[in-house]
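Here's the structure, in structure tokens; my notes come after.
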């Protein structure tokens, strides 16, 4: 498998972000690009983001990650909603225009906030987007199940895959099932049993790395079928 490549993507006239392209393993390449935004607290070089991106590449997907502008500037507070969405749209455009990814289907999503921003972008403009993958969708703030972030989801035309820990404080298995049923979403749910928001499970349940491998297997299998 080829090494990850560093890219620079312009977001506007004065700001750009860094992206990483993890080329798919040639032997089982699926002709799919999976574009992943990071969560609110960690950038694209976090252990989790690098693990899933390289794992998807090993499974035949061209994986691409990127920093939102605030992380590119090494800030801790996320940018306003409009700026986060503008950044994600710019990266989508760059992925579509990338000659090495030409002809690929495009699946967007990400970890927590990254997935939520992807869903907001897809709800407004879904052209060129073939699917969405949410690695721990932040349905609501912890302890605030009344503050749902689901009103835009019915506008998404592409199929969706929610990967959710059964004890995720940002949205349990039952809560995700409820919103998919309520909105009649074109969605599937893969549950990480006893998993939290980062899919971490108690040691008595299963080896942690195996849990991550299972998640990557399920995502790779799903994107090949859309």
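Observations on the model:
- Dividing the helix sum by the residues of the chain, where each DSSP H run of 4 or more adds -39500 (n - 2.57), gives a mean residue ellipticity at 222 nm of -10000 deg cm²/dmol.
- Each label was represented as a point 7 Å from its Cα along the Cα-to-Cβ direction; for residue 200 and residue 126 these points are 3.5 nm apart.
- Peptide ranges 126-135, 139-148 listed from the most packed, as the mean C-beta count within 10 angstrom indicates: 126-135, 139-148
- Scattering profile of the range 5-225 at q = 0.14 Å⁻¹ [log10 I(q)/I(0), Debye over alpha-carbon scatterers]: -0.81
- The range 118-226: C-alpha gyration tensor shape, a/c 1.5 cut-off, then a/b vs b/c: oblate
- Rounded Å value of the spacing that divides the Cα centres of the range 131-197 and the range 1-37: 26
- Simple label model, 7 Å out from Cα along Cβ direction - residue 96 to residue 45, nm: 3.0
- Packing rank of 5-14, 184-193, where each peptide gets the mean count of other beta carbons within 10 Å, highest leading: 184-193, 5-14
- Among 30, 97, 40, residue whose mean-square fluctuation peaks in a GNM of the chain (springs only between Cα atoms under 10 Å): 97
- Zone residues, the range 28-62, relative to residue 169, backbone N less than 16 Å from point 7 Å out along Cα-to-Cβ: 40-42
Values in this text are rule-based calculations from the coordinates and carry no lab data. Just so it is clear, the structure is predicted and the values come from calculations on it, not from any experiment. Every residue, glycine among them, receives a Cβ derived from its backbone with ideal geometry; neighbour counts consider all protein chains shown.
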